[in-house]
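Structure, as structure tokens:
Nothing in this text is a laboratory measurement; each read-out follows from the coordinates by a stated rule. As the structure is a prediction and not an experimental result, all values here were calculated from the model. For neighbour counting, all protein chains shown are included, and Cβ atoms are generated from backbone atoms with ideal geometry for every residue, glycine included.
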Amino acid sequence: MTGDSFVITWQGNCVLIDGGMPNTYGEIQRKLKGNELKALFITHVDYDHIGGVINLIKQPCVDITNCSFFMNNPDLASNYNDTKVRYEHGDTLQKMLKQRGRDFLPITKTTEPLEIEGLKIIPILPTKELCQKLCDNWDLSRICDELKGDYDYLKSQKNNGDIINKASVCLIIEYEQKKVLFLGDSHADDVKEALLESNEFKFDLVKLSHHGSKHNTSSDLLEIIDCYDFIVSTNSSRYEHPDPETMKLLSNCAKEKNCSFNVYLNYPIEKSIRERYKAKYGEEIEKLTFILQQDVEL
């Protein structure tokens, strides 16, 4: 679908990063089978990132006893009845988790790296400043419903500067000298600054931000990343991601490095990617090899 969901498995353990749309839960359940869920990360509260998590938490058969739950701001964790991106996506999820005796923990750039059975998880975003801006915008969109005795939300919410996506949790996952960069729906300038500060540039795999949207990847960011394998997570149906502009940036970067990049797809969308690229630039994509493969082993 349009969302993100990644299950990382190693030695009978697993970590879940986002849950995609609600119907993603079936696939998540298949991946969890035979593995103990150790941690779950919500990069941000878009419905296409938490829908499957809501369904997971609803299932009493899913053992979450030894699982730690993280999101950028647990206090903003919603009642949701639509498919638009709205702040409400967080509150009900938090309540549902509390009903099962668990709670979300905050995670930002300043959170200490996590060590789980040999797997290291390093948060590089969001900054506390981005989280504060998220809180401020969230509060502006909440109204008190005296009849319900609870909060409700404005139909026209405040989302200044695309702050929901901008405040995404970004993670570096390390295991046995392998490194993967998960970018949520973050903005390229923030990622570049975070990588420069952390002095982390070499990765075995990078999950492109926001399904390959042209607004979330830049040539400046790609120039500092040392990686030849990328993931685009989308079925391309609703927003026609990944954008040709992003594919152009990847192609140009590969040319500059005199190499080819692999782009892993979780849906058979290579044909549409190539068609949109040719319609935009009048030429074929160079230096990119598209691989339809949901499971990537490092």
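Things worth noting here:
- Around the amide H of Thr289, modelled in the peptide plane, lie the amide H atoms of Phe261, Asn262, Val263, all under 5 Å away and 5 or more residues distant in sequence or on another chain.
- Evaluating 6.51 cos²θ - 1.76 cosθ + 1.60 at θ = phi - 60° for every residue in segment 51-57, the Karplus couplings come out as x, x, 5, 4, 5, 5, 5 Hz, glycine and proline recorded as x.
- Residues Thr65, Thr289, sorted so that the one with the fewest Cβ neighbours within 10 Å comes first: Thr65, Thr289
- J(HN,Hα) series, segment 226-236, from Karplus relation 6.51 cos²θ - 1.76 cosθ + 1.60, nearest Hz, glycine and proline x: 9, 7, 10, 10, 10, 10, 10, 9, 4, 9, 6
- Just so you know, the Rg over Rh for the chain is 0.96, from Cα atoms, with Rh as the Kirkwood radius.
- The chain: calculated mean residue ellipticity at 222 nm from DSSP helix runs of at least 4, using -39500 (n - 2.57): -8500 deg cm²/dmol
- Once the Cβ-Cβ distance of Glu256 and Lys280 is raised to the sixth power relative to R0 = 25 Å, the FRET efficiency obtained is 0.80.
- Gap separating the Cα centres of segment 1-40 and segment 190-207, nearest whole Å: 24 Å
- Proxy reagent accessibility, fewest Cβ within 10 Å first, across Tyr267, Tyr175: Tyr267, Tyr175
- Antiparallel bridges, percent of DSSP beta bridges restricted to the chain (to nearest 5): 45 percent
- In this structure, the amide hydrogen of Cys170, modeled 1.01 Å from its nitrogen in the peptide plane, lies closer than 5 angstrom to those of Ile124, Leu125, counting only residues at least 5 positions away or on a different chain.
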